[in-house]
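The values are calculated or read from the model by the stated rules, or taken from the named source; none is laboratory data. All values reported here derive from a predicted model rather than from experimental measurement. Positions of Cβ are generated from backbone atoms using ideal geometry, with glycine treated the same way; all protein chains shown enter the neighbour counts. Surface accessibility is based on the protein's heavy atoms, side chains included, excluding ligands, DNA and RNA. Shrake-Rupley method; radii C 1.70, N 1.55, O 1.52, S 1.80 Å.
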Amino acid sequence: MDRLWAWDRPALVREVLEDLQRDRKIAYTTVMTVMENLHRKGILSRERHGRAYRYTPERTREEHTAAMMEEVLATSADRSATLMHFVQNIDRSELAALGALLDEIRDPKKTKQGR
Amino acid sequence: MAPALVLGAYALLVATVGAHVLRRSQWPERAPRLGILAWQALSSSVLASVVLAGLSLALPVWSHDVQLARLLDTCVALLRDQYAAPGGAMAASAGIGIAALVAGRLAYCLGRTAWVVTSGRSAQRSRLALLARRDPERDVLILEHDACAAYCVPGRGGRVVITTATLEALDDAQLAAVLHHERAHLRGRHHLVIQLSSALRAAFPFVPAFAWGEAEVERLTEMMADDAAVQHADGLTLATALVRLAGGAAPAGALGAGGQTALARVRRLATPARPLGKIRRLATLACVAAVALVPIALTVGPALSAMSADYCPITFPV
C-alpha cells in the first residue's frame, strides 16, 4: 500500500513486485494474492490492462486514516474495552475544569494570588 | 422457602445498599485492585444469590434429595421441610426457571461481548497494519492524523497506537509516561475485567449496581495503569499529558462522560493518597470474601442444620 499511495497512479502487480524485491525476497504470487485480497476488501480498485490488471487505491491514506480515527474516537465513550483510550473525550466545560486543576497543582501560590 | 426468601432479600440488600456504600467509599482509589475485586464480589454475590434462591426452591422436588439426606445423615422429610415452599412443584419450576434465565442471560452476554470486542479488535489490527507505521525505538504504532489520540488494542498481540498530533502535543517525558500507562493495561490484561463488568451491565441493565460497577471498574483500571506508569515516570508529567491529550481530542459533546474520571485521576496523580495499610487491606479482603461466600452459606445452612437435628417429623398416611 505504501508504494501504491506514493506513486499515485494505477500500477501492475509486476511493478509493485519489482519495487518490493529491491528490499526483500518475495514471490509474484504472494504480491498478486495480497493485491487481489485488497481489491476484494474494497481498498483497491482495478481496471484491465491487456492480460493483467492495474490497481489503484480507492482512498488516499489520509481519507482512510480519517475514517478510521472517526470510528476510534467515537468508541472513546464505549466501555466494553474493544480499545482502551488513554483519556476519554471530554466536553469543553470539563476541559476547562481540568486545565484549572492542573494550573492550581502546578503553582498553588500563583493561582491564589490571581483570585 | 426460607432460604429462597433470605437469599432474595440478601441479593436486594447487596445490590442496593451494598453497592451504594461501595460507590461512595474512598478506599478503592487507594487500593484499586482491591476495589475492583470488591465490585466483582458484589456482583457475583448478587447473581449467585438469585440463582441459588431459584435452585433452593427446587430442592424439595429434586429426585436425588434422598441421596443427599443420606449423605447428611438426616431424614428426607426434614430436609424437604427446610426448603419447602407453598405451591410445591410450581414454586420449584419457577425457581429453576429463574435460575436458568439468569445464568443463561449472563452466559449469552459474556459470549456476545467477547465476540464483539474480538472482531472489533481484529478489524482494528488489520487497518493498523495498512495505515500505521511502526516506531521500533518506542515500540508504538503511529498514525498520521491531526487529532490527538492514544490508545491500546488489547488482546492477542497487544498494540499501542498514537497519532502524529499526539507526538507533537507531548514532550518525550510525557509521551513515555503515556506509553507506560498503555503498556500497563496490556500487561495487566485489564480488558478482561472491563469486558466482564460490561457484560454484566448489558445482561441486567435494570440493576443499577452493575452499571455503577462498570463505571467504577473502568475508573479503577485507569488508576491502576496510572500507578504502574508512575513507577517509571513522574506523576505530574503524566497528569500534564492527560490534560494535553484530553484537550486535543475532538470535542465529544454529549458523549463526554470521561471528565469526572480525568479530574479524579489528575487529583490522584498530583497528591497521591497513602496506600491502604496492611491491616485495613486484610480486613477489606476478608469482607470481600465474606460477601462472596454468604450466598453459599445461606443456601446450605438449612441443610446443615437438618444434619444436627436428632428427630424426624413423622407423617401418618391419611
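Below, the figures for the structure above:
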{"item": "Heavy-atom accessible area per residue - the protein assembly as shown, 1.4 Å, Å²", "result": "53 Å²"}
{"item": "Spatial separation of Cα centroids for the stretch B:10-82 and the stretch B:195-250, in angstrom", "result": "29 Å"}
{"item": "Shielding by partners, peptide B:239-247 (average Cβ within 10 angstrom, other chains)", "result": "5"}
{"item": "From phi via Karplus (6.51, -1.76, 1.60), per-residue ³J(HN,Hα) for the stretch B:212-228 in Hz, x at Gly/Pro", "result": "4, x, 4, 5, 5, 4, 4, 4, 5, 5, 4, 5, 4, 5, 4, 4, 5"}
{"item": "The protein assembly as shown, dipole about Cα centre (Lys/Arg Cβ +1, Asp/Glu Cβ -1), debye to the nearest 20", "result": "360 debye"}
{"item": "Solvent-accessible area buried by A and B, counting both chains, probe 1.4 angstrom, square angstrom", "result": "4300 Å²"}
{"item": "B:Leu59 - accessible surface, heavy atoms, 1.4 Å probe, Å² rounded to 10", "result": "30 Å²"}
{"item": "Ratio of Rg to Rh over the stretch B:58-129 (Cα coordinates, Kirkwood Rh, two decimals)", "result": "1.40"}
{"item": "Highest average packing first - B:11-21, A:47-57, Cβ atoms within 10 Å", "result": "B:11-21, A:47-57"}
{"item": "For B:264-272, mean number of other protein chain Cβ atoms within 10 Å", "result": "2"}
{"item": "Sequence-distant residues sharing a close amide H with B:Ala150 (under 5 Å, placed H)", "result": "A:Phe86, A:Val87"}
{"item": "Area accessible to solvent at B:Asp171, 1.4 Å probe radius, in Å²", "result": "80 Å²"}
{"item": "Accessible surface of the stretch B:147-274, 1.4 Å probe, proportion on carbon and sulfur as whole %", "result": "55 percent"}
{"item": "Accessible-area value, B:Met307, 1.4 Å probe, nucleic acids and ligands omitted, Å²", "result": "90 Å²"}
{"item": "Where only C-alpha atoms are counted, convex hull volume of the protein assembly as shown per residue in Å³", "result": "219 Å³"}
{"item": "Size of charge dipole - the stretch B:69-205 - debye, nearest 20, with Cβ of Lys, Arg +1 and Asp, Glu -1, no other charges", "result": "640 debye"}
